[in-house]
Amino acid sequence: MKILYEDNHLIAVNKPNNLLVQGDETGDETLSDQLKQYIKVKYEKPGDVYLGTIHRLDRPASGVTIFARTSKALERMNKIFAERQIKKTYWVIVGKRPEPLFGHLTHYILKDSSKNVVKAYDALSNRAKDAKRADLDYELIAEIGEHFLLQIDLQTGRPHQIRAQLARIGCPVKGDVKYGFSTPNKDSSIHLHCRSISFEHPIKKEQVHITASVPSDQTWRLFKGIGEG
């Protein structure tokens with residue numbers, strides 16, 4: 001866990017693969033648990049530490065994750081996210097070159113909570129009448145052998161949106177067997193990384209841009225140097 005941004009209102013970290021943001025039925029330690037302990041020790045806070053979850057990143061994914069240190073910051077950040085006054089950019093490695101090499105994707109996402117999986121439909125229909133619209137822009141920014149690095153600019157924040165939409169066009173995320181990739185990664189991670197988030201600070205009213213370096217595994221290292229400088 002690496003701290004990327006910190007003030008009295010917000011804290012952002014580079015979430016490692018395979019770490020929960022918030023607790024679930026597994027009872028495993030979470031990123032929230034670790035951050036509360038970090039704040040408690042650093043600022044010598046007695047009692048419970050307040051930490052509000054603003055958004056989530058899938059357990060097997062990595063990258064920028066932001067928390068609120070006050071209820072006021074949480075309320076205002078929730079509004080910023082709800083009104084889409086935020087820019088979120090992801091990097092994804094897939095095993096197939098997308099055609100075309102860049103474009104806009106619109107699908108309709110329907111979640112099956114019992115299986116913790118979603119399905120992306122091309123259009124609304126009777127079987128997907130409760131589906132939510134999902135939009136993203138993608139662009140191929142590098143390729144090495146059978147590995148293709150895509151940049152994703154997210155317009156909506158649906159559960160598993162990137163994973164489901166890329167699978168729908170035949171380009172599942174590397175390691176993501178839940179959405180159709182042929183083989184899992186050895187550590188159960190997937191090559192989906194929240195690269196950066198930009199927004200206006202809810203209290204200070206200044207622009208904030210937070211960038212997270214990619215994990216250090218062998219596949220990500222193929223693309224070392226891209227996007228730097």
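The values are calculated or read from the model by the stated rules, or taken from the named source; none is laboratory data. Keep in mind the model is a prediction, meaning the values are calculated, not measured. When we count neighbours, we look across all protein chains shown, and the Cβ atoms used for this are built from the backbone with ideal geometry, even at glycine.
Annotations
- Qualifying strands (runs of 3 or more DSSP E) (wholly inside the range 78-189; at least 1 residues being β-branched (Val, Ile, Thr) and in contact (Cβ under 8 Å) with a residue 60 or more places away in the chain): 86-94, 117-121, 132-144, 147-154
- Members of the range 152-167 that are modelled with pLDDT of 95 or more and either touching a helix residue (DSSP H, G or I) at 6+ places or on another chain (Cβ under 7 Å) or surrounded by fewer than 19 Cβ atoms within 10 Å (Cβ to Cβ) (or both): ILE152, ASP153, ARG163, ALA164, ALA167
- The set of residues in the range 96-119 that are buried (at least 17 other Cβ atoms within 10 Å of the Cβ), under 20 Å from ILE190 (Cα atoms) and in contact with a Phe, Trp or Tyr (Cβ under 7 Å, 6 or more places away or on another chain) contains only PRO98.
- Qualifying position, being of a type in the set (D, E, K, R) and under 26 Å from ILE190 (Cβ atoms), among LYS72, LYS2, LYS42: LYS2
- Where GLN22 falls short, out of the listed (1) touching a helix residue (DSSP H, G or I) at 6+ places or on another chain (Cβ under 6 Å); (2) of a type outside the set (Val, Ile, Thr); (3) outside any loop (DSSP other than H, G, I, E, B): (3)
- Some residue of the range 64-77 being buried (at least 16 other Cβ atoms within 10 Å of the Cβ), in contact (Cβ under 8 Å) with a residue 40 or more places away in the chain, outside any strand (DSSP E or B) and of a type in the set (Lys, Arg): yes
- Those residues of the range 39-50 which are in contact (Cβ under 8 Å) with a residue 12 or more places away in the chain and assigned to a helix (DSSP H, G or I), in sequence order: ILE39
- Selected residue [closer than 19 Å to SER213 by Cβ and either surrounded by 13 or more Cβ atoms within 10 Å (Cβ to Cβ) or at pLDDT below 95 (or both)] from LEU31, LEU51: LEU31
- Unique residue being part of a strand (DSSP E or B), within 18 Å of the chain's Cα centre (by Cα) and farther than 21 Å from PHE102 by Cβ when the list is HIS209, HIS193: HIS209
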